[in-house]
Structures are given as structure tokens and as C-alpha cells.
1. At a 10 angstrom cut-off on C-beta neighbours, averaged per residue, how do the peptides 26-33, 110-117 rank from highest to lowest?
2. Step through the residues of the range 102-110 one at a time and calculate ³J(HN,Hα) from phi using the Karplus curve (6.51 cos²θ - 1.76 cosθ + 1.60, θ = phi - 60°), rounding each to whole Hz and writing x for Gly and Pro.
3. What's the tally of Lys pairs in the chain whose alpha-carbon atoms lie under 15 angstrom apart, where the two lysines are 8 or more places apart or on different chains?
4. Can you give the net charge of the other residues whose Cβ lies under 9 Å from the Cβ of Glu85, counting K and R as +1 and D and E as -1?
5. For Lys52, enumerate residues with amide H under 5 Å from its amide H, sequence gap 5+ or separate chain, H modeled in the peptide plane.
6. In deg cm²/dmol, rounded to 500, what helix-only [θ] at 222 nm does the chain give when every DSSP H run of at least 4 residues adds -39500 (n - 2.57) and the total is split over its residues?
7. Quick one, which of (i) 1.02; (ii) 1.06; (iii) 1.11 is the actual Rg/Rh (Cα atoms, Kirkwood Rh) calculated for this model?
8. If you plug each phi of the range 50-60 into the Karplus form 6.51 cos²θ - 1.76 cosθ + 1.60 with θ = phi - 60°, what whole-Hz ³J(HN,Hα) values come out, in order, with x for Gly and Pro?
Amino acid sequence: MNIRLVGYRVMNTVFNASIPILDTLSNISNMEMNEYSNSMNFDVVYPEHRPKDFFVLFNINLMEKDKMEEDSEGLFSIKFLSHFECDQDIDDKFKKSDFPIVNAPAIAYPFVRAFVNNYFINAGYEPVLLPTYNFVKFKDKHRK
């Protein structure tokens with residue numbers, strides 16, 4: 001089966017700046033994999049009306065309370081949808097394979113990282129480089 005990344009879209013982005021969230025974002029590339037794994041997840045979606053397509057929806061949520069101001073909360077959240085297309089109808093064998101939860105997210109994740117980096121640069125902040133992610137190590141977390 002031939003599979004290709006057709007495209008991607010940012011479905012939602014929320015950024016509420018605070019000193020604690022900016023500190024977290026500036027150090028995120030050094031974050032331990034287990035800690036980052038708690039902030040990043042994804043789902044694989046198979047639309048019924050498009051039997052050759054599937055989507056990987058990334059959801060990253062980082063929140064940090066401002067200890068100086070109780071009502072202030074720093075937040076960065078993004079929903080990022082990647083669209084894949086196969087040359088054959090997707091069957092249960094494909095859905096149960098590692099490709100949708102390991103390979104496809106690994107193909108799409110660099111685009112998520114690039115978007116986040118460019119988002120912060122264009123907003124006037126320091127670059128934010130999300131950590132690399134070992135999709136093989138965490139495949140059981142994402143298997144449904």
C-alpha cells in the first residue's frame with residue numbers, strides 16, 4: 001500500500017503569555033520524554049466517507065500557573081491535523097498495524113514542530129523547539 005502525506009492544518013491555537021509559560025517553552029527542548037508525553041497526545045481518525053484517507057490529530061497542551069498572580073495562567077495549546085491518503089481502502093489490518101500510531105505521526109510531527117517554532121518567532125518571542133518524540137516508545141499509550 002502506498003501512503004502519502006497530503007497536507008496539514010492548524011485547527012486551533014491558544015497562547016496566553018505569562019512568565020512561567022515562557023520559561024517552560026524556553027526549556028521545552030530539554031524536557032524529559034515522559035514529562036512531555038503527558039502534554040502531547042494524538043488520535044488517529046478514519047472518516048467513513050473517505051475510505052482511503054486517515055488523519056492524525058495532534059493535541060499539545062502546556063499550562064503553567066503564575067505563582068505571583070493567582071488568576072493568571074500561562075497557556076499554550078495547539079490542535080494540528082495531518083491528512084494522509086492511501087492508494088487502497090484502509091482495512092482493519094492497517095488500522096491495527098504500527099503505521100497509523102508510529103510512522104504516520106513521526107512523518108507529520110516535524111511539521112508540528114516547525115509551525116510552533118515559526119509561530120513564536122513571528123509573534124516576537126524566542127524560537128520554541130518542541131522536543132523530539134519517540135513514537136515507538138510510546139505506541140502503547142496511543143493504541144486504542
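1. For the peptides 26-33, 110-117, the packing ranking is 110-117, 26-33.
2. Whole-Hz 3J(HN,Hα) from phi for the range 102-110: 10, 5, 4, x, 5, 6, 7, 4, x.
3. The result is 8.
4. +1
5. Ile90
6. So the calculated ellipticity at 222 nm is -8500 deg cm²/dmol.
7. After the calculation, the listed value that fits is (i).
8. So the Karplus estimates, Gly and Pro as x, are 9, x, 9, 10, 8, 10, 10, 9, 7, 9, 10 Hz.
Just so you know, all these numbers are worked out from the coordinates, no wet-lab data involved. Nothing here was measured: the structure is a model prediction, and the numbers come from that model. All Cβ positions, glycine included, derive from the backbone under ideal geometry; neighbour counts span all protein chains shown.
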